[in-house]
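> Let me begin by handing over the structure; questions about it come next.
Each reported figure results from applying straightforward, stated rules to the coordinates on display, with no laboratory input. For clarity, every value in this text was computed on a predicted model and none was experimentally measured. Neighbour counts run over all protein chains shown; Cβ positions are idealised from the backbone, glycine included.
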Amino acid sequence: MYTTDLRTAREKASDEAKAAKKKVVDDPALLKAFQARIDNDEVIEAKDLMPEAYRATLTRQISQHAHSEIVGMLPEGNWIGRAPTLRRKLILLAKVQDEAGHGLYLYSAAETLGTSRAEMVDQLLYGSAKYSTIFNYPTINWADIGAIGWLVDGAAITNQIPLQRCSYGPYARAMVRVCKEESFHQRQGYELITVMARGSAEQQAMAQDALDRWWWPSLMMFGPHDSDSIHGHQSAKWKIKRFSNDELRQRFIDATVSQAEAIGLRIPDPELKWNEKTEHYDIGPIDWEEFWAVVKGFGPCNRERLEARRRAHEEGAWVREAAAAYARKQSERQAAE
Ligand code: BYC
């Protein structure tokens, strides 16, 4: 019953968005009126008129974000069965379930723009949709679970807090709950890595090794430098992005360096230096060749991640068919009443 109601609400929102889409005329007067609404800090809702490019940018970003949450369950899921204690296992299970929930809110938010979840999932599994580069790196030991919470969720929350004020209402609202949960994720990761950094020499070495491997990929999560960002300028104009890629990356670096120092870990960057003038840390060069290779599908785990998602999707076909049959039966029953 619950499932049926949710499907109907989502489908309705999607139909309304499709109807609104047909009304959009990208003539200069409409574009000007739309920009005036944005400049006035009005929230744009699914049924509102919007430029096609605004709809496309949001659909791209939100669906990529949803895919990242779902693919992001894999590296951590890899350790659920091997968590060292019951307490750690419970925390990790809860966290991975939260990521599944984030994916679902985000697919729902994206659907309000007129593309169905099935289409978006197809684009990920059999097309060229992207997801965050960070999830194409392997989790080779337990300290990686701490590093993911501390650095990956830390970077994610730095990026997502401003998205709570994004101009598109459904995305902004989804971000509120996501940010609350990400904040717990970041804290549990930092607590885990702190325990290891203060543990035996072997545990300390594992914590340092995890930081060494996850630091640079975490900085890459914020996307290319502003000078190379394709969508950044327009997304800022539309108030989808409130801060640029470089601004958010800098914010993350400034917050994280002192967290590493506090637990005796060393950031793996010989050029890292506090800049008195700017009052920010300067860093060494990011390896953009590595970033673009991972974006294009050539990271250490790209193939493995997509194979795992395709397998799960194909093995779950019977569940989707059963849910659809149940929904059909329910609506036929309701129509007959
Ligand atoms: N990875 O013009 P730009 C999580 C692409 S999950 C892959 O600056 P934009 C979690 C970009 O798409 C959190 N691709 O783009 C889950 C574009 O290519 P296309 C994930 C990237 O959109 C489980 C091109 O490079 N967070 O927290 O203005 C466990 C040029 O970039 C990446 C989000 O998704 C990348 N890192 O800015 C634990 C946040 N960076 O699309 C934790 C929402 C860039 O033209 N997304 N590209 O082919 C955003 O805020 C923005 O989309 C980005 C990029 C800042 C990522």
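> Step by step: first the residues of segment 52-83, then only those that are surrounded by fewer than 19 Cβ atoms within 10 Å (Cβ to Cβ) and among the basic types (Lys, Arg), then the one that is nearest to the chain's Cα centre (by Cα). Which residue is that?
Across segment 52-83, the extreme among qualifying residues is ARG60.
> Could you tell me whether any residue of segment 86-107 is of a type in the set (Lys, Arg), part of a helix (DSSP H, G or I) and free of Cβ contacts under 8 Å to residues at least 24 places away in the same chain?
yes
> Consider GLN204 against the criteria (1) assigned to a helix (DSSP H, G or I); (2) on the phi > 0 side of the Ramachandran plot; (3) not hydrophobic (A, V, I, L, M, F, W, C): it satisfies all of them except one. Which criterion is unmet?
For GLN204, the failing item is (2).
> Residues in segment 285-301: is at least one under 27 Å from the mean Cα position of the chain (by Cα), among the basic types (Lys, Arg) and within 30 Å of ALA210 (Cα to Cα)? Walk me through it before giving the result.
If we filter segment 285-301 for residues that are under 27 Å from the mean Cα position of the chain (by Cα), which is where we start, we get 285-301.
This time we only want the ones that are among the basic types (Lys, Arg), so: 296.
Of the ones still in play, those that are also within 30 Å of ALA210 (Cα to Cα) are 296.
Checked segment 285-301: at least one residue is under 27 Å from the mean Cα position of the chain (by Cα), among the basic types (Lys, Arg) and within 30 Å of ALA210 (Cα to Cα).
Matching residues to (1) in contact with a helix residue (DSSP H, G or I) (Cβ under 8 Å, 6 or more places away or on another chain); (2) within 11 Å of the ligand (Cβ to nearest atom); (3) not small (Gly, Ala, Ser):
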site	(1), (2), (3)
ASN40	no, no, yes
ILE44	yes, no, yes
ASP48	yes, no, yes
ALA53	yes, no, no
ARG60	no, yes, yes
PRO84	no, no, yes
ARG87	no, no, yes
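Yes/no matrix, rows are residues, columns are (1) surrounded by fewer than 23 Cβ atoms within 10 Å (Cβ to Cβ); (2) in contact (Cβ under 8 Å) with a residue 12 or more places away in the chain; (3) touching an Asp or Glu at 6+ places or on another chain (Cβ under 6 Å):
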site: THR115; (1), (2), (3): yes, yes, no
site: ALA118; (1), (2), (3): yes, no, no
site: ASP122; (1), (2), (3): yes, no, no
site: ALA129; (1), (2), (3): yes, yes, no
site: TRP142; (1), (2), (3): yes, yes, no
site: LEU151; (1), (2), (3): no, yes, no
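> Taking GLU247 as the residue in question, decide whether it is within 13 Å of the ligand (Cβ to nearest atom), touching a residue at least 24 places away in the same chain (Cβ under 8 Å) and out of contact with any strand residue (DSSP E or B) (no Cβ under 9 Å at 6 or more places or on another chain).
When the stated conditions are applied, GLU247 does not pass them.
> Out of all the residues in segment 276-283, is one or more in contact (Cβ under 8 Å) with a residue 24 or more places away in the chain and assigned to a helix (DSSP H, G or I)? Give the derivation first.
We begin by selecting, within segment 276-283, every residue in contact (Cβ under 8 Å) with a residue 24 or more places away in the chain; these are 280-281, 283.
Next, only the ones that are assigned to a helix (DSSP H, G or I) stay: none.
The answer is no; no qualifying residue exists.
> Taking the condition of being part of a loop (DSSP other than H, G, I, E, B) and surrounded by 14 or more Cβ atoms within 10 Å (Cβ to Cβ), how many residues in segment 230-267 meet it?
If we filter segment 230-267 for residues that are part of a loop (DSSP other than H, G, I, E, B), which is where we start, we get 230-231, 238-244, 263-267.
Subset that is surrounded by 14 or more Cβ atoms within 10 Å (Cβ to Cβ): 231, 238-244, 263, 265, 267.
Counting residues in segment 230-267 that are part of a loop (DSSP other than H, G, I, E, B) and surrounded by 14 or more Cβ atoms within 10 Å (Cβ to Cβ) gives 11.
> What do you reckon, is GLN160 in contact with a Phe, Trp or Tyr (Cβ under 7 Å, 6 or more places away or on another chain), free of Cβ contacts under 8 Å to residues at least 60 places away in the same chain, within 15 Å of the ligand (Cβ to nearest atom) and in a helix (DSSP H, G or I)?
Numbers: in contact with a Phe, Trp or Tyr (Cβ under 7 Å, 6 or more places away or on another chain): no; free of Cβ contacts under 8 Å to residues at least 60 places away in the same chain: yes; within 15 Å of the ligand (Cβ to nearest atom): yes; in a helix (DSSP H, G or I): yes.
No, not satisfied.
> Please specify each residue of segment 93-110 satisfying the condition of being more than 11 Å from the ligand (Cβ to nearest atom) and in contact with a helix residue (DSSP H, G or I) (Cβ under 7 Å, 6 or more places away or on another chain).
Scanning segment 93-110 gives LEU93, TYR105, TYR107, SER108, ALA109, ALA110.
> In addition: Working only within segment 208-225, note down all residues that are part of a helix (DSSP H, G or I) and either touching a Gly at 6+ places or on another chain (Cβ under 6 Å) or more than 8 Å from the ligand (Cβ to nearest atom) (or both).
Step one: of segment 208-225, the residues part of a helix (DSSP H, G or I) are 208-220.
Answer for segment 208-225, where residues must be part of a helix (DSSP H, G or I) and either touching a Gly at 6+ places or on another chain (Cβ under 6 Å) or more than 8 Å from the ligand (Cβ to nearest atom) (or both): GLN208, ASP209, ALA210, LEU211, ASP212, ARG213, TRP214, TRP215, TRP216, PRO217, SER218, LEU219.
> Take LYS95 and decide whether it is charged (D, E, K, R) and under 19 Å from the mean Cα position of the chain (by Cα).
Taking the combined requirement at face value, the residue satisfies it.
> Which residue, of LEU192, LEU248, is of a type in the set (A, V, I, L, M) and under 25 Å from GLU290 (Cα atoms)? Walk me through it before giving the result.
Values: LEU192 fails: under 25 Å from GLU290 (Cα atoms).
Among LEU192, LEU248, only LEU248 is of a type in the set (A, V, I, L, M) and under 25 Å from GLU290 (Cα atoms).
> Which of (1) within 14 Å of the ligand (Cβ to nearest atom); (2) under 22 Å from LYS239 (Cβ atoms); (3) small (Gly, Ala, Ser) is the odd one out, the single condition SER128 does not satisfy?
(2)
> Okay, next question. Sort out which residues of segment 301-337 are surrounded by 12 or more Cβ atoms within 10 Å (Cβ to Cβ) and outside any helix (DSSP H, G or I), and write them in order of number.
CYS301
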